[in-house]
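Since the structure comes first, as structure tokens, the remarks are kept for the end.
The values are calculated or read from the model by the stated rules, or taken from the named source; none is laboratory data. Model, not experiment: these values are computed from the prediction. No Cβ is skipped: glycine too gets one built from the backbone with ideal geometry, and neighbour counts run over all protein chains shown. Accessible surface areas use protein heavy atoms only, side chains included; no ligands, DNA or RNA. Shrake-Rupley method; radii C 1.70, N 1.55, O 1.52, S 1.80 Å.
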Amino acid sequence: NTTVTPDVHAGRVLVVSSTVGTNQRVITLDDPQVAGVYYQFQYGGTAASGQDIIIKTETATKSLAGNVIHVSTDSGFSSGIKADANTHDALNLKDAAAFNINVLSNSASTWHVWGHVSGTTEPTFTSS
């Protein structure tokens, strides 16, 4: 589990390793102080099941906006998953085989999220 901060992690590709053995990895976004802070998360593991990655805001009063595209590795269907920009403060990637997620601070209270996820289970935006 990691809290990402602008001075250490912003502006670079962050490779998220496999969670085998722990079954879950939580990536916490430090509360945005200004607009323009950017993170990119890329899956670097090898397992395609049992991988639960959660990207969440540090404070539940901060929110996620935007959407991600999910491509099912079972059916081949794709769908768009949208954050409500109000109450959603976490993106849950369950059983992800691959993902590339971008996060950009819009303001001191909102993170804009976009990208794609491939796997057996559709990702979800949730509220604390």
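What about ILE53, is it touching a Lys or Arg at 6+ places or on another chain (Cβ under 7 Å), touching a residue at least 40 places away in the same chain (Cβ under 8 Å) and not small (Gly, Ala, Ser)?
In short, yes.
Per-residue answers, yes or no, for (1) more than 22 Å from PRO32 (Cβ to Cβ); (2) of a type in the set (Gly, Ala, Ser); (3) in contact with a strand residue (DSSP E or B) (Cβ under 8 Å, 6 or more places away or on another chain):
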site: THR59; (1), (2), (3): no, no, no
site: SER75; (1), (2), (3): yes, yes, no
site: ASP84; (1), (2), (3): no, no, yes
site: HIS112; (1), (2), (3): no, no, yes
site: SER118; (1), (2), (3): yes, yes, yes
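Going through (1) without any contact (Cβ under 8 Å) to a residue 12 or more places away in the chain; (2) within 25 Å of ASP31 (Cβ to Cβ) one by one, PHE77 falls short only on (2). Taking the criterion of being of a type outside the set (Val, Ile, Thr) and either at pLDDT 95 or above or open to solvent by 50 Å² or more (accessible area, probe 1.4 Å) (or both), the residues of the stretch 15-35 that qualify are SER17, GLY21, ASN23, GLN24, ARG25, LEU29, GLN33, ALA35. Report yes if THR5 is polar (S, T, N, Q) and open to solvent by less than 40 Å² (accessible area, probe 1.4 Å), otherwise no. Criteria met by THR5.
Where in the stretch 48-128 are the strands (runs of 3 or more DSSP E), entirely inside, with at least 3 residues that are modelled with pLDDT of 95 or more and open to solvent by 60 Å² or more (accessible area, probe 1.4 Å)?
Hits in the stretch 48-128: 110-119.
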